[in-house]
């Protein structure tokens, strides 16, 4: 990517106003330090709003990550929205100004003016830089947004446990664990890798606990995840870029309901409106068909080319259907993780 100096058609008073909002907000929430000061964050957001720069371009220009650029924009837009006119005021002003049409719900309009094939997942939907995308467009997440994690990651969701309970199930003492940010987790996983143990971090997400691994495979090790699923639901997906290895598991109380195995493919898929087995199943599989995934399978078939690898989007859609959790950079980066290690049983 090349860099150049550019101008944005925004007044100094507007910049100062937005910077003031950001500064007061940071003071109110006790935010001590951030990569950009309030003035720089305000400029980043105004460039985005005025010029329609993509998040990746903003990130490069301001020296932050794509996820941070997205988070700065989201935060500032919320601050500005809180000071916007209420509906009755807006209608009165529109009438006074002689406007014939008013869109009061803030609907976003699809546009390809700054179209780019990068996706940012926000809450229940995903957005391309500069255009709305469908929820099916998890493509290249997290590799585009969290590059330190994206080349070798494993996400495991377990329902109904606390982080402390999950750690205890893994045979790790809570007092031996440490609290870390995502960056600290990732750095420790790589710097402390010895091939004899698997380092992980656990955080609570609603009724679920999420295990995050960088360069780890705890979440796809049968000797660990099958007993870990006792009495509950476990969903995991693993990707290793250097070997193009994908794995996905859905296990209910020790029984495999659905999975994707590297080289073997999906255990089940939908054909002619019915979920069917793709290959003979061995001991440990549930006899119950994973019909809960039928709609998601059809959606995947409709938006992705044949033989699309799970890490290119399908895995995140399947996990969202089974857990109700939409994976976003914000979710991962803002969490605090209870971190520890378990011996590698292999």
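Just grab the label-to-label distance for residue 8 and residue 295, each label 7 Å out from Cα along the Cβ direction, in nm (one decimal).
If labels sit at residue 8 and residue 295, their model points lie 4.0 nm apart.
Could you tell me the calculated FRET efficiency between residue 344 and residue 16, based on Cβ-Cβ distance and R0 = 45 angstrom, to the nearest 0.05? Walk me through the intermediate numbers first.
Numbers: r = 55 Å, r/R0 = 1.23.
My answer for the efficiency is 0.20.
Rg(Cα) of the stretch 147-343 divided by 2.2 N^0.38 Å? Write out the running numbers ahead of the final one.
Working: Rg = 16.3 Å, N = 197, 2.2 N^0.38 = 16.4 Å.
In units of the globular-protein estimate, the stretch 147-343 measures up at 1.00.
For a test of the definition: using alpha carbon positions, the gyration tensor, and the 1.5 limit on a/c, classify the stretch 292-331 as rounded, prolate or oblate. Don't jump to the answer; show the numbers that get you there.
Values: a/c = 2.63, a/b = 1.38, b/c = 1.91.
Since a/c reaches 1.5 but b/c is at least a/b, the shape of the stretch 292-331 is classed as oblate.
Hey, with R₀ at 45 Å, roughly what FRET efficiency would residue 197 and residue 29 work out to, going by the Cβ-Cβ distance, to 0.05?
Details: r = 37 Å, r/R0 = 0.82.
About 0.75, to the nearest 0.05.
FRET efficiency for residue 49 and residue 302, Cβ-Cβ distance as r, R0 = 45 Å, nearest 0.05? Spell out each step's value before the answer.
On the way: r = 33 Å, r/R0 = 0.74.
E(calc), rounded to 0.05, equals 0.85.
Based only on other Cβ atoms within 10 Å, what is the fewest-to-most ordering of 18, 174?
Details: 18 22, 174 12.
Ordered by Cβ neighbours within 10 Å, fewest first: 174, 18.
How high is the relative contact order of the stretch 147-343? Use alpha-carbon pairs under 8 Å, at least six apart in sequence, and give a whole percent.
Details: 365 pairs, mean separation 54.6, N = 197.
Contact order relative to length: 28 percent.
Which value in nm describes the separation of the simple spin-label points at residue 333 and residue 283, placed 7 Å from the Cα toward the beta carbon?
So the label points at residue 333 and residue 283 sit 4.8 nm apart.
Over the residues of the stretch 226-346, compute the C-alpha Rg and express it relative to 2.2 N^0.38 Å. Before the final figure, lay out the partial values.
Working: Rg = 15.2 Å, N = 121, 2.2 N^0.38 = 13.6 Å.
Taking N as the residue count of the stretch 226-346, the ratio is 1.12.
Among 217, 34, which comes first, second and so on when ranked by fewest other beta-carbon atoms within 10 Å?
Working: 217 19, 34 15.
Sorted ascending by nearby Cβ count, the order is 34, 217.
Mind checking the full-extension length gain between residue 164 and residue 178? Use 0.36 nm per residue of separation minus the Cα-Cα distance, one decimal, nm. It would help to have the intermediate numbers written out before the result.
Numbers: separation 14, 0.36 × 14 = 5.04 nm, distance 1.15 nm.
Between residue 164 and residue 178, full extension yields 3.9 nm more.
Can you give me the Cα centroid spacing of the stretch 305-321 and the stretch 186-214 in angstrom?
If you average the Cα positions of each part, the centres end up 22 Å apart.
Order by neighbour count: 177, 154, fewest other Cβ atoms within 10 Å first, most last. Before the final figure, lay out each step's value.
Values: 177 19, 154 24.
Listed from fewest to most nearby Cβ atoms, that is 177, 154.
Computed from the coordinates by the stated procedures, all read-outs in this text should not be read as laboratory data. Owing to the predicted nature of the structure, the values given are computational and were not obtained by experimental measurement. Counting neighbours? That spans all protein chains shown, and the Cβs are built from the backbone with ideal geometry, glycine included.
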